[in-house]
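**Student:** First the structure, which I've put down as structure tokens, then a few questions once you've had a look.
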Amino acid sequence: MHGSGRRSIELLNCGTIPPAMEWLEHLDKLRGKLKISGLEDVSHPESAGKAKLWRKSNIQMLELFWRPYIEDHNHNGIEILEGLKPHSNLKSLTIEGFRCSSFPSWMVTKNHLSGLYNLVKIKLGNMPYSLRKLDLRDMNELSEWSDAMIQSNSSSVNLFPLLEKLYLCGLPKLELLPNLGDVKCLQSLIIECCQNLTCLPISKELVSLQKLVIHSCPNLTSLFSEDFDEGLQGFGSIESIDLRSCPNLVGVPEIHRLQSLRQLLIEGCDRVLASCMRLETLTSLEKLMITSSPRFWPTDLQNLSSLTSLYIGCFDWFDDDVEPLDYFPWHDSKSGGGTSGSNNNIQPCFVSLTSLELSGWRNLKSLPEPIQYISALRNLTIKRFHGLEALPEWLGKIPCLKILELLYCSNLKQLPNLTNLQQLSIWYCPLLEQRCAKDIGAEWHKIAHIPYIKM
């Protein structure tokens, strides 16, 4: 047992000295750093609670150590850690060698780590080999998390050898992540609302990664470690990428090489789109969402033969210094929505597409005409086409169209004949809603036969 006044105390091999934990009980003015090692030797878990760490509001750093690779303490490790609950003022927490498969209640809120709201630094070392899911959420002061590896003699040992899911959310001050290179079982990486994060330590060793989600990380500029320049080419298992509200993310190279990719969602990440204009090679892609300035929209999407769901558009015109287009960019669509006339030479496009959502801007006056040749189209959503006054007659002739949703089309007044439609939704289209009033509206006779109408 070592101490330096009341600013730093270290308990060594506390399990072999029965009074060690109880000795801490009355040291409520203890401040600074408290280090407790030898916890694997504690034979009476209730003695940990007698330390009453939860009363010691001036402890800033708490370090708890079990000897690594000691398996026989699993039966009481969780009870010991439960008893060592610190005060909520704690700034730094280190836990090494804890081998149980769950965390104490003071660390966990609804199955995620979120109990210490003032924590600035966390280090979880030599965690249980069985740990498959780790969540860190709503820690407003956490700025550092280290390490995913630990040095053992001359080599590094993976602390999370079986980790499959990592979820980080609501960590606004977190600046660095541990190197995830050797977490080879990681399948799902989700990071949300980490405003200070600038780089993710993704490397080619993440061969099992299937799902990558990054939302609301405005200072994030790169997904990869500095020594990794291959982009996503080596991620042969990845099936879903979801990037939103990361305006400074410079690019995600080699997206077009991801033959396993089935879902790609990009919103508010224009710099990413600038690097992935070529998507026509993604033969397995089933769902695509692009929300950005139209000048970053990829081309040749019509050749994506597996695509079943497409959302493309923007919330409003993003380029204030550029005059908004008066047409919706689409292959073969210009000058008011495309060229009319014979369809004898029309090539098949979007052969598997069943769901399409278009989000426009203030001065759009027409729909892109090639939509009428999407033969499998079943669900169509049109929103924010503020200049559109009438839907074209060809819309009612799309053979498989069953569901039509219209939103925020402020000047829309006229519908085509919608013979085959089964469901119609009209929201925030005031002129059209008035003209579709039951029995009395000028457009009511065109929609009266539709089984489900929502306005």
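The values are calculated or read from the model by the stated rules, or taken from the named source; none is laboratory data. The structure presented is a predicted model; accordingly, all values stated were derived computationally and were not measured. Quick reminder, even Gly has a Cβ in these numbers, built from the backbone with ideal geometry, and neighbours come from all protein chains shown.
**Student:** Please identify the pairs in which a residue from the stretch 409-428 that is without any contact (Cβ under 8 Å) to a residue 60 or more places away in the chain has its Cβ atom under 6 Å from the Cβ atom of a residue that is among the acidic types (Asp, Glu) and surrounded by 14 or more Cβ atoms within 10 Å (Cβ to Cβ), counting only partners at least 6 apart or on another chain.
**Tutor:** 411/389; 413/389; 415/443; 425/405; 426/433
**Student:** Out of (1) surrounded by fewer than 19 Cβ atoms within 10 Å (Cβ to Cβ); (2) more than 34 Å from the chain's Cα centre (by Cα), what's the single condition that is false for residue 454?
**Tutor:** With respect to (1) surrounded by fewer than 19 Cβ atoms within 10 Å (Cβ to Cβ); (2) more than 34 Å from the chain's Cα centre (by Cα), residue 454 is out only on (2).
**Student:** Looking at residue 406, is it within 34 Å of the chain's Cα centre (by Cα), surrounded by 14 or more Cβ atoms within 10 Å (Cβ to Cβ) and modelled with pLDDT of 95 or more? Show your work before the answer.
**Tutor:** Details: within 34 Å of the chain's Cα centre (by Cα): yes; surrounded by 14 or more Cβ atoms within 10 Å (Cβ to Cβ): yes; modelled with pLDDT of 95 or more: yes.
So residue 406 fits the description; yes.
**Student:** Exactly one of these conditions fails for residue 381: (1) assigned to a strand (DSSP E or B); (2) farther than 20 Å from residue 314 by Cα. Give me its number.
**Tutor:** (2)
**Student:** Quick check on residue 423: is it touching a Gly at 6+ places or on another chain (Cβ under 7 Å) and not hydrophobic (A, V, I, L, M, F, W, C)?
**Tutor:** Details: touching a Gly at 6+ places or on another chain (Cβ under 7 Å): no; not hydrophobic (A, V, I, L, M, F, W, C): yes.
No; evaluated as a whole, the condition is false for this residue.
**Student:** Could you grab me the full set of residues in the stretch 249-288 that are modelled with pLDDT of 90 or more, among the acidic types (Asp, Glu) and not in a strand (DSSP E or B)?
**Tutor:** The one that is modelled with pLDDT of 90 or more, among the acidic types (Asp, Glu) and not in a strand (DSSP E or B): 286.
**Student:** I would also like to ask the following. Being β-branched (Val, Ile, Thr) and surrounded by fewer than 19 Cβ atoms within 10 Å (Cβ to Cβ) is the filter; apply it to the stretch 164-205 and report the residue that is farthest from residue 238 (Cα to Cα). Lay out the reasoning, then the answer.
**Tutor:** From the stretch 164-205, those β-branched (Val, Ile, Thr) are 183, 190-191, 198, 202; that's our starting set.
Checking which are surrounded by fewer than 19 Cβ atoms within 10 Å (Cβ to Cβ) leaves us with 190, 198.
Values: 190: 13, 198: 22 Å.
So the residue we want is 198.
The rows are residues; the columns are (1) at pLDDT below 75; (2) among the aromatic types (Phe, Trp, Tyr); (3) surrounded by 17 or more Cβ atoms within 10 Å (Cβ to Cβ).
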{"residue": "306", "(1), (2), (3)": "no, no, no"}
{"residue": "312", "(1), (2), (3)": "no, no, yes"}
{"residue": "318", "(1), (2), (3)": "yes, yes, yes"}
{"residue": "337", "(1), (2), (3)": "yes, no, yes"}
{"residue": "340", "(1), (2), (3)": "yes, no, no"}
{"residue": "361", "(1), (2), (3)": "no, yes, yes"}
{"residue": "368", "(1), (2), (3)": "no, no, yes"}
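**Student:** Among the numbered criteria (1) surrounded by fewer than 19 Cβ atoms within 10 Å (Cβ to Cβ); (2) of a type outside the set (Asp, Glu); (3) touching a residue at least 60 places away in the same chain (Cβ under 8 Å); (4) touching a strand residue (DSSP E or B) at 6+ places or on another chain (Cβ under 6 Å), which one does residue 387 miss?
**Tutor:** (4)
**Student:** Within the group 131, 116, 142, which residue is touching a Leu at 6+ places or on another chain (Cβ under 7 Å), modelled with pLDDT of 80 or more and not basic (Lys, Arg)? Can you show your working first?
**Tutor:** Numbers: 131 fails: modelled with pLDDT of 80 or more; 116 fails: modelled with pLDDT of 80 or more.
The unique qualifying residue is 142.
**Student:** While we're on this one: Within the set of pairs 6+ apart or on separate chains, which have a first residue in the stretch 69-82 that is farther than 15 Å from residue 47 by Cβ, a second that is at pLDDT 65 or above and of a type in the set (D, E, K, R), and C-beta atoms under 9 Å apart?
**Tutor:** Pairs that qualify, where the first residue is farther than 15 Å from residue 47 by Cβ and the partner is at pLDDT 65 or above and of a type in the set (D, E, K, R), are 69/99; 70/40; 70/99; 71/99; 72/40; 74/99.
**Student:** Considering the stretch 20-65 alone, what residues qualify as being part of a helix (DSSP H, G or I) and either small (Gly, Ala, Ser) or closer than 25 Å to residue 100 by Cα (or both)?
**Tutor:** Quick first cut of the stretch 20-65, residues part of a helix (DSSP H, G or I) only: 20-23, 39-41, 46-49, 53-55.
Residues satisfying the conditions are 20, 21, 22, 39, 40, 41, 46, 47, 48, 49, 53, 54.
**Student:** Does residue 11 satisfy the criteria of being at pLDDT below 80 and surrounded by 14 or more Cβ atoms within 10 Å (Cβ to Cβ)?
**Tutor:** Values: at pLDDT below 80: yes; surrounded by 14 or more Cβ atoms within 10 Å (Cβ to Cβ): yes.
So residue 11 fits the description; yes.
**Student:** Then there is this: So residue 448 ticks every box in (1) within 25 Å of residue 314 (Cβ to Cβ); (2) hydrophobic (A, V, I, L, M, F, W, C); (3) loosely packed, with under 14 Cβ neighbours inside 10 Å but one. Which box is left unticked?
**Tutor:** Against the list (1) within 25 Å of residue 314 (Cβ to Cβ); (2) hydrophobic (A, V, I, L, M, F, W, C); (3) loosely packed, with under 14 Cβ neighbours inside 10 Å, residue 448 comes up short only on (1).
**Student:** Considering only the stretch 70-107, how many residues are modelled with pLDDT of 75 or more and farther than 25 Å from residue 140 by Cα?
**Tutor:** Of the residues in the stretch 70-107, the ones modelled with pLDDT of 75 or more are 76-98, 103-107.
Subset that is farther than 25 Å from residue 140 by Cα: 76-80, 97.
Result for the stretch 70-107: 6.
**Student:** So, in the stretch 32-51, of the ones that are touching a strand residue (DSSP E or B) at 6+ places or on another chain (Cβ under 7 Å) and crowded, with 18+ Cβ neighbours inside 10 Å, which residue ends up farthest from residue 90 (Cα to Cα)?
**Tutor:** Here the residue is 39.
**Student:** Quick one: is residue 27 surrounded by 13 or more Cβ atoms within 10 Å (Cβ to Cβ), closer than 21 Å to residue 117 by Cβ, at pLDDT 80 or above and of a type in the set (A, V, I, L, M)? Give the derivation first.
**Tutor:** Details: surrounded by 13 or more Cβ atoms within 10 Å (Cβ to Cβ): yes; closer than 21 Å to residue 117 by Cβ: no; at pLDDT 80 or above: yes; of a type in the set (A, V, I, L, M): yes.
Against the criterion (surrounded by 13 or more Cβ atoms within 10 Å (Cβ to Cβ), closer than 21 Å to residue 117 by Cβ, at pLDDT 80 or above and of a type in the set (A, V, I, L, M)), residue 27 does not qualify.
**Student:** Which condition number does residue 436 fail, the rest of (1) more than 29 Å from residue 304 (Cβ to Cβ); (2) in contact (Cβ under 8 Å) with a residue 40 or more places away in the chain being met?
**Tutor:** Against the list (1) more than 29 Å from residue 304 (Cβ to Cβ); (2) in contact (Cβ under 8 Å) with a residue 40 or more places away in the chain, residue 436 comes up short only on (2).
**Student:** Every residue in the stretch 226-248 that is touching a helix residue (DSSP H, G or I) at 6+ places or on another chain (Cβ under 9 Å), at pLDDT 90 or above and crowded, with 16+ Cβ neighbours inside 10 Å, please.
**Tutor:** 241, 243, 246
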